[in-house]
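Notes to accompany the following structure.
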Amino acid sequence: MTYTRDTHESPVALRREGLPGWLEPVARAAETVQPLQLSRFLPPEDGGGRQSAVLILFGEGRRGPELLLMERSGSLRSHAGQPSFPGGALDAVDGDPKTDGPLRAALREAEEETGLDPAGVQLFGVLPALYIPVSEFVVTPVLGWWREPSPVGVVDPNETARVFTVPVADLTDPANRATTVHPSGFRGPAFLVESALVWGFTAGVIDRLLHYAGWERPWDRTRQVPLDRWS
């Protein structure tokens with residue numbers, strides 16, 4: 001699929017050709033998964049919420065397949081200190097939120113936050129838009145293959161505390177999985193990886209991707225991690 005705009009810019013393409021075989025289950029899942037299979041929090045029917053996008057970038061590391069994540073600065077107003085996918089709100093330069101806007105925003109934000117070179121990223125899928133009630137963001141997850149890896153790191157310490165990759169093998173390891181318990185009563189999946197607790201929206205999407213790609217391994221859902229220990 002290719003989204004085009006009536007501007008001088010090149011079209012942003014979704015392309016599955018050339019993906020490594022291990023990514024095919026993720027690409028297939030992206031084509032069939034329904035919004036409620038990912039989250040019970042869906043975009044408001046009245047069109048409210050701030051349009052945004054995140055880049056779920058898969059690469060090939062020393063230990064095999066891996067995901068790119070970042071830790072947000074502790075001084076930010078929304079989701080401070082949380083590990084997350086690179087991403088953010090759509091800008092006017094990104095174009096139509098209903099067509100190629102989320103694709104452009106995901107790449108632009110990833111470049112601004114991690115120094116990633118977008119030219120080395122092959123976008124191959126888009127998941128249904130989801131909603132984060134606490135920040136009122138409508139988030140479109142964009143799937144990418146890091147075809148030509150580039151150096152990444154913290155670009156602006158005011159926005160990003162660190163940038164890191166996590167082997168998929170660690171994400172699927174039952175020893176690294178738990179259920180978070182927020183003081184408000186919220187409960188959700190979590191991953192204890194790379195000296196970080198990945199929880200909330202990011203963990204929820206990872207959890208569902210592992211499940212629908214057929215990569216999930218049985219884990220102890222009764223193992224709880226209170227979030228106040230990580231605040």
What does the charge count around Val168 come to, taking other residues whose C-beta lies under 12 Å from its C-beta (Lys +1, Arg +1, Asp -1, Glu -1)? -3
For a test of the definition: using alpha carbon positions, the gyration tensor, and the 1.5 limit on a/c, classify the stretch 125-231 as rounded, prolate or oblate. rounded
Share of carbon and sulfur in the accessible heavy-atom surface of the chain [1.4 Å probe, %]: 50 percent
Virtual spin-label span in nm between Trp22 and Ala175, 7 Å along Cα→Cβ: 1.9 nm
Can you give the % of DSSP beta bridges in the stretch 21-226 that are antiparallel, to the nearest 5? 75 percent
Simple label model, 7 Å out from Cα along Cβ direction - Gln224 to Ser184, nm: 1.8 nm
Fully extended, how many nm does the chain gain between Glu112 and Leu36 (0.36 nm per residue separation, minus their Cα-Cα distance)? 24.3 nm
Net lengthening on full extension, Ser195/Thr99 (0.36 nm per residue, minus Cα-Cα): 30.9 nm
Of the listed values [x] 0.96; [y] 0.92; [z] 1.02, identify the label whose number matches Cα Rg over 2.2 N^0.38 Å calculated from this model. [x]
State in Å² the accessible area per residue of the chain; use a 1.4 Å probe, count heavy atoms of protein chains only, and round to the nearest integer. 49 Å²
Cleavage-rule hits, trypsin sites (Lys or Arg not before Pro), the stretch 72-142, DSSP coil, Cβ neighbours within 10 Å at most 13: Arg77, Lys98
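The values are calculated or read from the model by the stated rules, or taken from the named source; none is laboratory data. Here the structure is a predicted model, which is why all the values come from computation and not from measurement. FYI the Cβ positions are ideal-geometry reconstructions off the backbone, even for glycines, and counts take in every protein chain you see. The accessibility values were calculated without ligands, DNA or RNA, using every heavy atom of the protein model including side chains. Shrake-Rupley method; radii C 1.70, N 1.55, O 1.52, S 1.80 Å.
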